[in-house]
Amino acid sequence: MANVPTVTLNDGTLIPQLGFGVWQVSTDDIVASVGQALQAGYRHIDTAAIYGNEEGVGQAIAESGIAREDLYITTKLWNANHQRDKAIPAAEESLRKLGLDYVDLYLIHWPVPSKGNYVEAWLAMEEIQSKGLAKSIGVSNFTIEHLKEIEAAGSVIPAVNQIELHPTFTQVPLVAANDALGIKTESWSPLGQSKDLQNDTIVGLAETLGKTAAQVIIRWHLQKGYIVFPKSVTPSRIAENFAVFDFELSTDDVAAIDALNEDNRIGGHPDEVGA
Ligand code: NAD
């Protein structure tokens, strides 16, 4: 089974660089899909309270028999629970659903700046970490401005910022800001929700390398140093997306994909989601 590289976070913990994302995996599919991913060798699962599938993730983990310390589980605090008195029970509820004593990584899902309480949420995250409910804490969908605000107000720098990032939306300034603060970048919708798979440059590289378009894109994220968790419910694709450790993109290949940016945001803007 492939040895997935790890990335060292700013709190000293290690995260497997390739994982399995479960947004929009239905309650009918979740146990089988996570089970297939674990069977294929994935050990890192990215879920969220709002995905409504934490219980299924927990069931698949329990059924796998894999030791807890060999798994890396991320979940996320939903927008309605940013207040301290809601955030801590929300973390406990996620743990109950997952059947776990702790998550490896807990994220603020969206900043929702119009509600003005992501700083309060961050201070609650620090408490969640000190209570041992999460080994690492981070954020998702934070812009440079949001990051600066929690850096100033808090005592912990987020371990990661999970952001929309794929070949046609490369987010160069935000990645640079993450780097400058010592925050690792996680790429969500790494395949552009499958749209970037049709890009001519990607298709051409895949043909030349004898790999699939998805494998080329996942390889690009890995070689950029990003943490990545493509989603699929199709067993052959779950395996395909994990089979990315037997080839490398050249420097020129990476540069060719870097040049595909079109600022093609697919999801909502962080200043607007949840407003
Ligand atoms: P993705 O970019 O991983 O694309 C998934 C889609 O691509 C699948 O539904 C499938 O249609 C297709 N696909 C996957 N593998 C393929 C293959 N090998 N060949 C052909 N088609 C393939 O999109 P995503 O699910 O939006 O993102 C991945 C994960 O990122 C999510 O599951 C979730 O964990 C996370 N995410 C987080 C946020 C956030 O706000 N923090 C938002 C969106 C997604």
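The values are calculated or read from the model by the stated rules, or taken from the named source; none is laboratory data. Remember, it's a predicted structure, so these values are computed and weren't measured experimentally. FYI the Cβ positions are ideal-geometry reconstructions off the backbone, even for glycines, and counts take in every protein chain you see.
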Subject >> Gly99 vs. criteria touching a residue at least 40 places away in the same chain (Cβ under 8 Å), surrounded by fewer than 20 Cβ atoms within 10 Å (Cβ to Cβ) and either within 30 Å of His269 (Cβ to Cβ) or more than 14 Å from the ligand (Cβ to nearest atom) (or both) >> reply: yes
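Look at Gly116 and say whether it is surrounded by fewer than 24 Cβ atoms within 10 Å (Cβ to Cβ) and modelled with pLDDT under 95. Quick ask: steps written out before the conclusion?
Details: surrounded by fewer than 24 Cβ atoms within 10 Å (Cβ to Cβ): yes; modelled with pLDDT under 95: yes.
Yes: the conditions hold for Gly116.
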Original post:
Name the pairs: first residue in the stretch 7-24 and more than 14 Å from the ligand (Cβ to nearest atom), second residue among the small types (Gly, Ala, Ser) and not in a strand (DSSP E or B), Cβ to Cβ under 7 Å, at least 6 apart or on different chains?
Top reply: Leu9/Ala159; Asn10/Ala159; Asn10/Gly182; Asp11/Ala159
Subject >> Residue pairs meeting the criteria (Cβ under 6 Å; at least 6 apart or on separate chains; first assigned to a strand (DSSP E or B), in the stretch 228-241; second near the ligand (Cβ under 7 Å from one of its atoms) and at pLDDT 95 or above) >> reply: Val228/Pro190
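Condition first: hydrophobic (A, V, I, L, M, F, W, C), farther than 9 Å from Ile108 by Cβ, without any contact (Cβ under 8 Å) to a residue 40 or more places away in the chain and in contact with a strand residue (DSSP E or B) (Cβ under 8 Å, 6 or more places away or on another chain). Now tell me which residues in the stretch 125-149 satisfy that. First the steps, then the outcome.
Kept after step one, since they are hydrophobic (A, V, I, L, M, F, W, C), are these residues of the stretch 125-149: 125, 128, 133-134, 137, 139, 142, 144, 147.
Cutting the leftovers down to farther than 9 Å from Ile108 by Cβ gives us 128, 133-134, 144, 147.
Add one more test, that the residue is without any contact (Cβ under 8 Å) to a residue 40 or more places away in the chain, and what stays is 144, 147.
Within the stretch 125-149, just Leu147 meets the criteria.
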Original post:
Of everything in the stretch 227-258 that's hydroxyl-bearing (Ser, Thr, Tyr) and more than 10 Å from the ligand (Cβ to nearest atom), which residue is farthest from Gln171 (Cα to Cα)?
Top reply: Ser250
**OP:** Determine which member of the set Ala177, Ala213 is away from the ligand (no atom under 11 Å from the Cβ), among the hydrophobic types (A, V, I, L, M, F, W, C) and buried (at least 16 other Cβ atoms within 10 Å of the Cβ).
**Re:** Ala177
Original post:
Ile50 is checked against (1) surrounded by 18 or more Cβ atoms within 10 Å (Cβ to Cβ); (2) within 15 Å of the ligand (Cβ to nearest atom) and fails just one. What number does that condition carry?
Top reply: (1)
**OP:** Answer yes or no as to whether Ile88 is within 23 Å of Ala243 (Cβ to Cβ) and of a type outside the set (S, T, N, Q).
**Re:** no
Subject >> Members of the stretch 259-275 that are under 14 Å from Gln171 (Cβ atoms) and within 13 Å of the ligand (Cβ to nearest atom) >> reply: Asn264, Arg265, Ile266, Gly267, His269, Pro270
**OP:** For residues that are part of a helix (DSSP H, G or I) and within 14 Å of the ligand (Cβ to nearest atom), scanning just the stretch 180-206, find the one that is surrounded by the fewest Cβ atoms within 10 Å (Cβ to Cβ).
**Re:** Gln198
